[in-house]
Amino acid sequence: MPDTPADKPHHIPVNSLQPTRPLPSEGSLTLRVRYCECDPMGVVHHASYAPWLEMGRTEILRASGVTYAAMEQAGIFLVIVKLDIRYRRPVKYDDLVEIRTKVKSVSRVKIEHEYDVIVIERDSAKAEIHAAVATTTLACVDPQGKVRELPAWLT
């Protein structure tokens with residue numbers, strides 16, 4: 001039976017987990033809306049937005065040279081404690097969407113992000129449709145779910 005992530009011991013020392021580049025305070029990524037992300041009318045289902053936001057903040061972390069997988073192996077987990085999405089305009093199947101992510105604030109144990117979801121292409125034509133805005137608050141916890149301080153390089 002293969003190991004699951006929960007079965008694997010944490011083997012990266014926390015103090016050795018360091019970024020190789022400065023941690024950016026913002027970033028963006030572009031994605032094409034897939035059919036499976038839409039309802040029968042071809043409009044993106046509200047549940048599809050949360051993974052897009054995760055992708056945005058994961059790419060900011062990756063730009064520093066640290067992956068979320070490496071953080072988990074060091075026993076550092078970031079859990080969502082608050083998610084707020086305001087839907088302004090529909091996003092549709094095959095739209096090209098840009099997810100713009102900013103680090104809003106950082107405390108000893110929490111990170112807040114802001115997001116803009118913008119349709120930049122629809123029906124093969126350039127667009128600038130502000131589809132949604134969102135915020136998340138993530139708390140840092142250890143493998144048992146107990147709140148812990150963020151690594152110094154994240155604060």
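The values are calculated or read from the model by the stated rules, or taken from the named source; none is laboratory data. The model shown is predicted, which means the values in this text are computed figures rather than measured ones. No Cβ is skipped: glycine too gets one built from the backbone with ideal geometry, and neighbour counts run over all protein chains shown.
If you go through the range 19-76 and keep only what is over 17 Å from Ala132 (Cβ atoms), in a helix (DSSP H, G or I) and either among the aliphatic types (A, V, I, L, M) or in contact (Cβ under 8 Å) with a residue 60 or more places away in the chain (or both), you end up with Ile60, Leu61, Ala63, Ala69, Ala70, Met71, Glu72, Gln73.
Residue-wise test of (1) surrounded by 15 or more Cβ atoms within 10 Å (Cβ to Cβ); (2) within 20 Å of Arg34 (Cα to Cα); (3) polar (S, T, N, Q).
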| site | (1), (2), (3) |
| --- | --- |
| Ser64 | yes, no, yes |
| Ala74 | yes, no, no |
| Ser107 | no, no, yes |
| Ala125 | no, yes, no |
| Glu128 | no, yes, no |
| Leu138 | yes, no, no |
| Arg148 | yes, no, no |
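The set of residues from the range 33-51 being over 16 Å from Arg88 (Cα atoms) and crowded, with 16+ Cβ neighbours inside 10 Å comprises Val33, Glu37, Cys38. Residues in the range 77-128 that are aliphatic (A, V, I, L, M), touching an Asp or Glu at 6+ places or on another chain (Cβ under 8 Å) and not in a strand (DSSP E or B): Val109 only.
Kindly establish whether Arg108 is closer than 29 Å to Lys126 by Cβ and of a type in the set (Lys, Arg).
The answer is no for Arg108.
Being over 21 Å from Glu112 (Cα atoms), basic (Lys, Arg) and touching a strand residue (DSSP E or B) at 6+ places or on another chain (Cβ under 9 Å): is that true of Arg57 here? First the steps, then the outcome.
Values: over 21 Å from Glu112 (Cα atoms): no; basic (Lys, Arg): yes; touching a strand residue (DSSP E or B) at 6+ places or on another chain (Cβ under 9 Å): yes.
For Arg57, the condition - over 21 Å from Glu112 (Cα atoms), basic (Lys, Arg) and touching a strand residue (DSSP E or B) at 6+ places or on another chain (Cβ under 9 Å) - is not met.
Determine whether the range 128-148 contains at least one residue that is at positive phi and at pLDDT 95 or above. Before the answer, list the steps.
Step one: filter the range 128-148 for residues at positive phi, giving 145.
With the extra rule that they be at pLDDT 95 or above, the set shrinks to 145.
Yes; the residues of the range 128-148 include at least one that is at positive phi and at pLDDT 95 or above.
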